[in-house]
1. Test of understanding: among 31, 6, which residue is assigned to a strand (DSSP E or B) and modelled with pLDDT of 90 or more?
2. Can we say residue 6 is under 14 Å from the mean Cα position of the chain (by Cα) and open to solvent by 90 Å² or more (accessible area, probe 1.4 Å)?
3. Select from segment 9-27 the residues that are open to solvent by 90 Å² or more (accessible area, probe 1.4 Å), over 16 Å from the mean Cα position of the chain (by Cα) and not acidic (Asp, Glu) and list them in ascending order.
4. So, residue 45, is that one open to solvent by less than 60 Å² (accessible area, probe 1.4 Å), at pLDDT 85 or above, among the acidic types (Asp, Glu) and out of contact with any His (no Cβ under 8 Å at 6 or more places or on another chain) or not?
5. Scan segment 24-37 and report the pairs whose first residue is within 16 Å of residue 5 (Cβ to Cβ) and whose second residue is of a type in the set (S, T, N, Q), with Cβ atoms within less than 8 Å and a gap of 6+ or a chain change.
6. Out of the residues in segment 60-72 that are open to solvent by less than 100 Å² (accessible area, probe 1.4 Å) and of a type outside the set (Gly, Ala, Ser), which is modelled with the highest pLDDT?
Amino acid sequence: MLVLGRKQNERVVIGRDIIVTVLEARDGRVRLGFEAPPGTPIHREEVFEKIAQTETGDPVENGREGSKFYVECG
């Protein structure tokens, strides 16, 4: 897992086409903005787990396989 510290309005770039911007951080909460190509699904983890369970019929253990976040697209 990569752990980064970012201030408001600073960004993290994932690959070449996903940008995460820290919009606000206060009172122990962080608001993030995501920019990604059209058609790229972006979900909160609990929503992703429900979608994955609906599609496969199997529960997903926290959306993780080993120590890496696991998302299957296609």
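The values are calculated or read from the model by the stated rules, or taken from the named source; none is laboratory data. Computed from a prediction, not measured in an experiment: that's the story for all the values here. All Cβ positions, even for glycine, are placed from backbone atoms using ideal geometry, and neighbour counts span all protein chains on display. For the accessible areas, the whole protein counts, side chains as well, though only heavy atoms, and no ligand, DNA or RNA atoms are used. Shrake-Rupley method; radii C 1.70, N 1.55, O 1.52, S 1.80 Å.
1. Working: 6 fails: assigned to a strand (DSSP E or B).
That would be 31, the only listed residue that is assigned to a strand (DSSP E or B) and modelled with pLDDT of 90 or more.
2. Details: under 14 Å from the mean Cα position of the chain (by Cα): no; open to solvent by 90 Å² or more (accessible area, probe 1.4 Å): yes.
When the stated conditions are applied, residue 6 does not pass them.
3. Result: 9, 26.
4. On the way: open to solvent by less than 60 Å² (accessible area, probe 1.4 Å): no; at pLDDT 85 or above: yes; among the acidic types (Asp, Glu): yes; out of contact with any His (no Cβ under 8 Å at 6 or more places or on another chain): yes.
Answer is no for this residue.
5. Pairs that qualify, where the first residue is within 16 Å of residue 5 (Cβ to Cβ) and the partner is of a type in the set (S, T, N, Q), are 24/8; 25/8; 32/21.
6. Selected residue: 60.
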